Amino acid sequence: MNKNSNLYQILYAAVMVVLVGIVLAFIYMTLKPQQDENRDNDKRRQILAALHVAAPSDAETKATYEQYIVADMLIDAQGNVTDSTANVAFNVDMKKNSKAAPGEQLLPVFKAVKDGETKYVIPVYGAGLWGPIWGFVAVNADGKTIYGANFSHESETPGLGARITEEEFQNKFVGKSFYPGENDEFKSVEVLKKGQKSLVNAHTVDAISGATITSRGVGDMIANGIDDYHPFLMRLQATND
């Protein structure tokens, strides 16, 4: 075949495209299990961070996670456990879940035991200034008090909104209550500018200076996310009365 002909050049290009595609597909399939494991380990470390468990090494992450997380659960709008099969909560994609129609969103919960005490870790998902933000809020067995929190982001500004990932900000939520009054009224923890007070007597956390929108996004994310768990939290409170 004439190597200078158009037909030869077309066939050559087609063969090269096919070969490159096969190589890329092979590389993707080879690396995908490790990529999936890295993604899962990152999620495990975020959940553990909400429980104040220091980030383990990559090799120890899964074992450490399984040491503290004793059960996965999905609950319904009345706070009843509807599914407790292995990894049922872990496998919920919160980004996709947040886009589900009201009433159709899954409500995952992770039950943990640390130092002999039971905690419940609830995932939350929302929006910051430049993109999605998400996190995990650990609640004590009393169904009221925050034990710990961990927040992450996709594209917030370094030194400003990105500071929601810092322990200094996250630790401000520790000890805050979703039921600060004497009645059973749910009041989400509000993130406000320093010096501002809640108009509904909710517990508050100071916003990050220079990152008001992202800070407000964290507050809205918690309010919108945890509110759906009010019946579940009330059940915990009834159990612990």
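Quick check: is even one residue across segment 90-101 more than 18 Å from the chain's Cα centre (by Cα) and of a type outside the set (D, E, K, R)? Yes.
Yes/no matrix, rows are residues, columns are (1) at pLDDT below 95; (2) on the phi < 0 side of the Ramachandran plot; (3) among the acidic types (Asp, Glu):
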| site | (1), (2), (3) |
| --- | --- |
| VAL139 | no, yes, no |
| ARG163 | no, yes, no |
| GLY181 | yes, yes, no |
| LYS193 | yes, yes, no |
| ASN201 | yes, no, no |
| GLY217 | no, yes, no |
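Could you say which residue among GLY225, GLY143, GLY175, GLY181 is crowded, with 21+ Cβ neighbours inside 10 Å and not in a helix (DSSP H, G or I)? Reasoning before the result, please.
Details: GLY225 fails: not in a helix (DSSP H, G or I); GLY175 fails: crowded, with 21+ Cβ neighbours inside 10 Å; GLY181 fails: crowded, with 21+ Cβ neighbours inside 10 Å.
Checking each option against the conditions leaves just GLY143.
The values are calculated or read from the model by the stated rules, or taken from the named source; none is laboratory data. Given the structure is predicted, the values throughout are model-derived calculations rather than measurements. Here the Cβ is made from the backbone with ideal geometry for all residues, glycine too, and neighbour counts use every protein chain on show.
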